[in-house]
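For reference, the structure is listed below as structure tokens.
The values are calculated or read from the model by the stated rules, or taken from the named source; none is laboratory data. Note that this is a predicted model, so its numbers are computed, not measured. Note that each Cβ is placed from the backbone with ideal geometry, even for glycine, and that neighbours are counted across all protein chains shown.
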Amino acid sequence: MRVSIDTLPGGANPNEDWVAGTPSLAIVLDGLSTAGLSTGCSHGVPWYVAHLGGQLLASLAEPEQSLSEGLAEALERVAHLHPRCDLQNPGTPSATVAVLGRRHEVLDHLVLADSPIVLATNGDFTVLTDLRVDSVLPEMRAEVEQHETHTPGHREALQRFVHAQRQIRNTADGYWVAAGVSRAAAHAQTGSTPLKGVRDAAVMSDGVSRLVTEYQTATWNDVFTTLRSEGPRRLIQDVRDTEATDPTGRRWPRYKSGDDAAVAYCQW
């Protein structure tokens, strides 16, 4: 498996996405925004995603390790790296997880929250993602989207929304993400696909997939045409060029003018 990767921050703040590729794995993590609220952790989201990504690569170095077991092990290892932080804080640094692994003639996948994996299969596309987050607190999400980005009203509505999300994050009434403890790994969506018939695949954060799902300025066929001809950096630049036409979120209401973006493009 050949994996081409790239990632860029959405603005001036440090990148909270993380991506890696090996001959048998593609991993994308998307750190959850804190909206300026306290996390109980002295390290921050970029530190968390970098260490979780590294530990996940180490855990999955064993070929027979399942993706969910590897994620659980990685979460435990990262928790042990910052024991003095309050890992029970509902705002503790957290991330979405998307992993695609090749095992002989099978592709295994794991998705936890809304970073998708897209398989190009015989002229069609299969999107593997976990959208449970979209079903919670719709009224508060709509309130955020009423405001243009970079306005006091938007910032205040976003903080209220993130605070409310934290109360149901990693609970049966909410949605699941990688965070301070390992139990979220058991709630990831996993599966396998025969390699035969899959032409290529892309693992990405929602900062990239929104080109299709939210902005609707491209199709999955467009995305893969770009990846095949020009690679991940060009695809991310397409996202940036699109966002530049709507810097305050009037056409496409969103949490940030530009979100961090990461993509791993897989060929075999």
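Yes/no per residue for (1) closer than 23 Å to residue 229 by Cβ; (2) in contact with a strand residue (DSSP E or B) (Cβ under 6 Å, 6 or more places away or on another chain); (3) surrounded by 16 or more Cβ atoms within 10 Å (Cβ to Cβ):
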residue	(1), (2), (3)
18	no, yes, yes
32	no, no, yes
35	no, no, yes
40	no, no, no
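Please go through region 239-268 and give me each residue that is acidic (Asp, Glu) and either buried (at least 19 other Cβ atoms within 10 Å of the Cβ) or closer than 24 Å to residue 95 by Cα (or both), ordered by number. Talk me through it step by step, then tell me what you get.
So the first thing to find is which residues in region 239-268 are acidic (Asp, Glu), and the list is 241, 243, 246, 259-260.
Hits for region 239-268 are 243, 259, 260.
Find the residue count for region 225-261, including only residues that are without any contact (Cβ under 8 Å) to a residue 24 or more places away in the chain and of a type in the set (Val, Ile, Thr). Qualifying residue count for the region: 3.
Report whether or not residue 185 is without any contact (Cβ under 8 Å) to a residue 24 or more places away in the chain and among the aliphatic types (A, V, I, L, M). Before you say what the answer is, go through the steps one by one.
Working: without any contact (Cβ under 8 Å) to a residue 24 or more places away in the chain: no; among the aliphatic types (A, V, I, L, M): yes.
In short, no.
Taken as a whole, region 105-121 holds at least one residue that is of a type in the set (D, E, K, R), closer than 24 Å to residue 207 by Cα, buried (at least 16 other Cβ atoms within 10 Å of the Cβ) and touching a Lys or Arg at 6+ places or on another chain (Cβ under 9 Å). For residue 264, the conditions (1) outside any helix (DSSP H, G or I); (2) without any contact (Cβ under 8 Å) to a residue 12 or more places away in the chain are fulfilled apart from (2). Please determine whether any residue of region 234-255 is of a type in the set (A, V, I, L, M, F, W, C), at pLDDT 95 or above and either within 24 Å of residue 136 (Cβ to Cβ) or in a loop (DSSP other than H, G, I, E, B) (or both). Yes, that holds for at least one residue.
Just to verify a result, which residue in region 144-166, among those that are under 11 Å from residue 249 (Cα atoms) and among the acidic types (Asp, Glu), is surrounded by the most Cβ atoms within 10 Å (Cβ to Cβ)? Looking at the filtered set, the residue picked out is 145.
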